[in-house]
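Here the structure is laid out as structure tokens; the discussion comes afterwards.
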Amino acid sequence: MTARTVVADILLGLAVALVLGSSVGVLVMRDVYQKIHFVTPAALVAPLAVGLAVLVQSGATIVTAQTWLTLLFVVIAGPVLAHATIRAARIREKGDWRSGRGGASSQPSSRRGGSGASGGSQS
Amino acid sequence: MNGFVIAAIAMLLGVIPCGIVVCRGTVMEALVAYELISAIVVMVLILLPEGFRRSGEFELPLLLAVLLFGSGLVFVRFLERWL
């Protein structure tokens with residue numbers, strides 16, 4: 001077992017731990033506003049660990065370039081989709097994503113004891 | 001079986017909690033779980049060719065990553081207003 005393999009395995013272990021932790025977080029959190037926080041580690045940090053593991057294992061090859069290009073799309077898509085999802089959840093809940101417009105209160109229903117963006121109210 | 005294959009199998013276990021959320025949660029919670037599943041599957045499809053030394057199969061995760069980005073935005077847009 002070479003040093004490269006050891007480093008790659010450590011990075012892969014980190015990525016796996018992040019993914020499993022994020023999955024459990026998405027399962028146990030109460031509503032969409034809390035669940036969305038657990039997508040970011042798996043969509044942002046874990047791909048970086050996987051890309052570094054491939055880089056360490058394979059070196060600077062075309063495979064590594066393809067891997068980093070793929071993970072670049074994942075890393076870009078994660079925050080954009082998270083923002084769009086929260087915006088959509090708020091619009092479904094209140095009619096407008098901005099505070100104080102389209103609803104009686106600017107507080108999300110989850111903080112008022114409701115079920116969050118359950119998809120029930122739609123403008 | 002090397003570390004990449006083991007990591008891919010371990011990551012696939014993370015799909016199970018997300019699948020439970022997709023089946024039992026609300027539609028917006030299912031969308032969040034879908035986004036997490038997309039990221040996991042792309043990483044698994046990177047780890048498996050690296051683990052089995054099949055460099056020709058790296059196009060699949062690249063294509064999937066591009067398509068999942070677009071499809072995620074389309075899902076969000078439709079759920080925002082019309083569904």
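Just so it is clear, none of the values below were taken in a lab; they were calculated from the coordinates. Not measured: the values here are computed from a predicted model. All Cβ positions, glycine included, derive from the backbone under ideal geometry; neighbour counts span all protein chains shown.
Panel values: the protein assembly as shown, Kirkwood radius from alpha carbon pairs, Stokes-Einstein at 25 °C and 0.890 mPa s, translational diffusion coefficient 140 µm²/s. Between residue B:82 and residue B:13, the modelled label-to-label distance comes to 4.1 nm, taking each label 7 Å out from Cα in the direction of the beta carbon.
Close amide H contacts of residue A:96 (hydrogens built in the peptide plane, cut-off under 5 Å, sequence separation of 5 or more or a different chain): none are found.
Each Cα pair under 8 Å and six or more residues apart adds its separation to the average, and for the range A:3-94 the resulting relative contact order is 34 percent.
Just want to confirm a number: the relative contact order over chain B, from Cα pairs under 8 angstrom separated by 6+ residues, in percent.
32
Run the Debye formula on the Cα coordinates of chain B, all scatterers equal and no solvent, and tell me log10 I(q)/I(0) at q = 0.10, 0.14, 0.17, 0.24 1/Å. Result of the Debye calculation: -0.30, -0.55, -0.74, -1.10.
Per-residue shielding of B:63-73, expressed as the average number of other chain Cβ atoms within 10 Å of the residue Cβ, stands at 4. Measuring r between the beta carbons of residue A:6 and residue A:28 and using R0 = 41 Å, the FRET efficiency lands at 0.80.
With coordinates expressed along the principal axes, the C-alpha atoms belonging to the range B:36-81 extend over 45, 16, 6 Å, beginning with the largest. The 3J(HN,Hα) values that the Karplus relation (6.51, -1.76, 1.60; θ = phi - 60°) gives for the range B:68-78 are, in residue order, 5, 4, x, 5, x, 5, 5, 4, 4, 5, 5 Hz. Gly and Pro appear as x. Each residue of the range B:5-11 is assigned a 3J(HN,Hα), and the resulting list reads 5, 4, 5, 5, 5, 5, 5 Hz, derived from the Karplus form 6.51 cos²θ - 1.76 cosθ + 1.60 (θ = phi - 60°), x at Gly and Pro.
Distance from the Cα centroid of the range A:1-27 to that of the range B:41-67 is 17 Å (rounded to whole angstrom).
If you wrap the tightest convex hull around every Cα atom of the range A:3-94 and split its volume per residue, you get 69 Å³.
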